[in-house]
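Presented below is the structure to which this report refers.
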């Protein structure tokens, strides 16, 4: 679950142990205690965890691309538009529109 604002403050109070601080690349920058995390401005951070504890926090303004499934998978391209992903990674085609209902023989619906 993702917590922000007052919910993040409440869960940070219950958190024991260390919390990871992650950067825009989702890599751990440092480990901090819950008391150190409380000193940060919670309005600019989002915490990920459950109702008992926060596992890691990240800046709220960072963009995280979500995996939307294999239908939308695209191969990685460089600035020139060339594929730079491994050749065995296939790019899936666009999402197909829903199939039309077949017509009946007598013209009725």
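Quick notes on this structure:
- Qualifying positions in segment 1-46 - assigned to a strand (DSSP E or B) and in contact (Cβ under 8 Å) with a residue 40 or more places away in the chain: 2, 3, 4, 45, 46
- Subset of segment 6-23 (residues that are surrounded by 11 or more Cβ atoms within 10 Å (Cβ to Cβ) and out of contact with any helix residue (DSSP H, G or I) (no Cβ under 6 Å at 6 or more places or on another chain)): 7, 10, 11, 14, 18, 20, 21, 22, 23
- The residue list 26, 72, 67 contains one member that is exposed (fewer than 14 other Cβ atoms within 10 Å of the Cβ), on the phi > 0 side of the Ramachandran plot, under 16 Å from the mean Cα position of the chain (by Cα) and modelled with pLDDT under 90, which is 26.
The values are calculated or read from the model by the stated rules, or taken from the named source; none is laboratory data. What you see is a predicted model, and the numbers here were worked out from it, not measured in a lab. Cβ coordinates were reconstructed from backbone atoms using ideal geometry, including for glycine residues, and neighbour counts include every protein chain displayed.
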